[in-house]
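See structure below.
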């Protein structure tokens, strides 16, 4: 299986993994790869773990790597090869396949049974989001006066629940975007090093969009409830997650 490049920065040593009480040799251990919002991590699965425990484990890794940034919120795990979702309540050693890559996702249909820990944003509140590779997964466009906003119509990185269309992009890495023309912005993106921290600021538009999304998501979760299976767009539907170059 060909995996994306994984740097020592984006793939830390697995922190505080439980001791393997089974006494199995390394050759017998079940190890899998996980991807959440571009962060790739190899994890050795321990006896007694459930599939859902991996979501908590990856959240811990993300928080330890970047303690001031928003932690991806996920409620589903999908096999990257088969595109099939794995039941979170199943024992991990039986449900996961050795060496396979799994995507940690946030899916609206599964949101009814999940809890949202992130607090809503007030006007001018700022959040940090860490991007681990390019394309970023969002569209950024200029709106005049050297101001840039998130313009993704349907949020691709929906595991970042507070990242909403209409938010102002304050900075990309060490570069402030305020007053920056598009040519300079393009150069900044081309020369960016990853992991890359971006700062976003809530605007009146983004708050309204966020509130509307919450209402729609709540209604969809109530109306769904047919088979309880989390669904995600076909990979081709999300292949345009690159930050589309805004027109000059």
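Structure summary
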item	result
Residue 67 being in a loop (DSSP other than H, G, I, E, B) and closer than 15 Å to residue 133 by Cβ	no
Some residue of segment 99-113 being at pLDDT 95 or above, outside the structural domain of residue 158 (by the TED database), over 14 Å from the mean Cα position of the chain (by Cα) and in a loop (DSSP other than H, G, I, E, B)	yes
Residues of segment 170-206 that turn out to be touching a helix residue (DSSP H, G or I) at 6+ places or on another chain (Cβ under 9 Å) and without any contact (Cβ under 8 Å) to a residue 40 or more places away in the chain, as a count	5
Test: residue in segment 82-92 that is in a helix (DSSP H, G or I) and farther than 25 Å from residue 128 by Cα	yes
Residue 210 being closer than 25 Å to residue 109 by Cβ and at pLDDT 90 or above	no
Hits in segment 125-150 (condition: part of a loop (DSSP other than H, G, I, E, B) and more than 14 Å from residue 198 (Cβ to Cβ))	125, 145, 146
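The values are calculated or read from the model by the stated rules, or taken from the named source; none is laboratory data. Nothing here was measured: the structure is a model prediction, and the numbers come from that model. Note that each Cβ is placed from the backbone with ideal geometry, even for glycine, and that neighbours are counted across all protein chains shown.
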